[in-house]
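The values are calculated or read from the model by the stated rules, or taken from the named source; none is laboratory data. Bear in mind that the values here come from a model prediction, so they are computed numbers and not experimental data. So basically every Cβ, Gly included, is an ideal-geometry build from the backbone, and we count neighbours across all protein chains shown.
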Amino acid sequence: MQPARTEILSAVMPIVDQWRHEEGPLLPILNGILREFGYVPREVVPAIAEALNLSRAEVYGVVSFYHDYRENPPGRHVLKLCRAEACQSMGGDAIAERLQNLLGLKFGETAADGSVTLEPVYCLGLCACSPAAMLDGEVIGRLDDEKAREIAREVRA
Ligand code: FES
């Protein structure tokens, strides 16, 4: 269950206050919120904008630019699949299709049972072992059909 707006704001304001007078405070604030909640609730945008004297559009623009600042709570597992060139040239598109079918999810979606979130990522620094993915922070290289099935089993268990 998502926390209420007042709970969110009371957890967020100390993070904002910690960074608001530093140089370039927006990203550290967003990272702190991400650590606290696992996502960046949309309710925090006006409060951050006001504290930093920015427009809501400016804050929202940064939040929506970075994939890691997801808008909703993630699933219990987070699967990031590399969609960058080296992985695509090694069959990444077929693996992406396969995983989406196995999980019944499109990129950016979380399973209805909250088990897994599927996200695109653009290079994991694992190009030599492409196609690559990251499951809950652990990198997985040389993805193939068997590994895709293993991942799907693991996240649904
Ligand atoms: S392009 Fe996929 S890991 Fe680098």
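Worth pointing out:
- Listed by first and then second residue, the pairs with beta-carbon distance under 9 Å, at least 6 apart or on different chains, first residue in region 133-150 and farther than 14 Å from Leu118 by Cβ and assigned by TED's automatic domain parsing to the domain that holds Gln88, second among the hydroxyl-bearing types (Ser, Thr, Tyr) and surrounded by 14 or more Cβ atoms within 10 Å (Cβ to Cβ), are Gly141/Ser130; Arg142/Ser130.
- Looking across Gly114, Gly125, one residue alone is surrounded by fewer than 16 Cβ atoms within 10 Å (Cβ to Cβ) and within 16 Å of the ligand (Cβ to nearest atom). It is Gly125.
- Residues located in region 78-95, provided they are more than 8 Å from the ligand (Cβ to nearest atom), among the hydrophobic types (A, V, I, L, M, F, W, C) and either outside any helix (DSSP H, G or I) or touching a residue at least 24 places away in the same chain (Cβ under 8 Å) (or both): Val78, Leu79, Leu81, Met90, Ile95
- Exactly one residue out of Glu58, Glu119 is more than 24 Å from Val139 (Cα to Cα) and outside any loop (DSSP other than H, G, I, E, B): that is Glu58.
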